[in-house]
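J.: Take this structure, written in structure tokens, and hold onto it; I'll ask about it next.
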Amino acid sequence: SLLPNKPPKEQYDFAVSFMKIGDYETAEYALKEFIDKNKDHELAGSAQYWYGETFRIRQLYSDAATAYLDGYQNYPKSKKAPDNLLKLGITMVQLGEKDQGCSMITGIKKQYPKASKSVLQKAQYEQKKFKCNS
């Protein structure tokens, strides 16, 4: 076990700390362990997002897509749900699934009208970059 024997919030901070120092492999294992142990915790959706990021940063796009999809499906009300959908869309385009990816990117505004401004702006930017039809 990688995680300290502490409350979930501290375990989460511990797991995410590996992202901050660029140790994405250790972050991957720590976040996976956090999610497995704390499926119903309010931070599980955020952990799932960061789990996806550990793969995307290492350009393991199909693993990233799977992790983002899990996050989107399992934690639709998580603070990171709009981010999961955005990154899933971007990753799908990178994997050559442009239509599918674009529909996810363009759907963010409809599905998450209250998403943070930065996520909505990034979605707009990616839509233009990938020449998605809105």
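The values are calculated or read from the model by the stated rules, or taken from the named source; none is laboratory data. What you see is a predicted model; the values in this text were computed from it and never measured. Neighbour counts run over all protein chains shown; Cβ positions are idealised from the backbone, glycine included. Ligands, DNA and RNA are stripped out before the accessible areas are found, and what is left, the full protein with its side chains, is counted by its heavy atoms. Shrake-Rupley method; radii C 1.70, N 1.55, O 1.52, S 1.80 Å.
J.: Can you give me the distance in nm between label points at Thr66 and Tyr29, each placed 7 Å from the Cα along the Cα-to-Cβ direction?
T.: 1.8
J.: Which links in Lys77/Lys122; Lys37/Lys129; Lys6/Lys117; Lys20/Lys109 stretch past 27 Å when you go from one Cα to the other?
T.: Flagged as over cut-off: Lys37/Lys129; Lys6/Lys117; Lys20/Lys109.
J.: Also, I was wondering about something else. Would you mind telling me the share, in percent, of accessible area of the chain contributed by carbon and sulfur at probe 1.4 angstrom?
T.: Carbon and sulfur atoms account for 50 percent of the accessible area of the chain.
J.: Give me the 1.4 Å probe accessible area per residue for segment 1-68, excluding ligands and nucleic acids, in Å².
T.: Per residue, segment 1-68 has an accessible area of 53 Å².
J.: For P(r) over Cα pairs in 5 Å bins from 0, in percent, pick the label among (1) 2, 9, 16, 18, 15, 11, 9, 7, 7, 4, 2, 0; (2) 2, 10, 17, 19, 17, 15, 11, 7, 2, 0; (3) 2, 12, 21, 21, 19, 13, 7, 3, 1, 0 that corresponds to the value derived from the coordinates.
T.: (3)
J.: For the pair Glu97 and Lys128, how long in nm is the line joining their label points, each one 7 Å along Cα→Cβ?
T.: Taking the simple label geometry, Glu97 and Lys128 are separated by 2.7 nm.
J.: Which value, in debye to the nearest 20, describes the size of the charge dipole of the chain about its Cα centre when Lys and Arg Cβ atoms bear +1, Asp and Glu Cβ atoms bear -1, and nothing else is charged?
T.: With only Lys, Arg, Asp and Glu charged at Cβ, the dipole is about 740 debye.
J.: Note down the nm distance, to one decimal, between modelled labels 7 Å out along Cα→Cβ at Asn74 and at Ile21.
T.: Here the answer is 2.6 nm between the modelled labels.
J.: Further question on the same structure: Any idea what angle helix 117-129 forms with the longest principal axis of the chain, computed on alpha-carbon atoms, 0 to 90 degrees, nearest 10?
T.: 50
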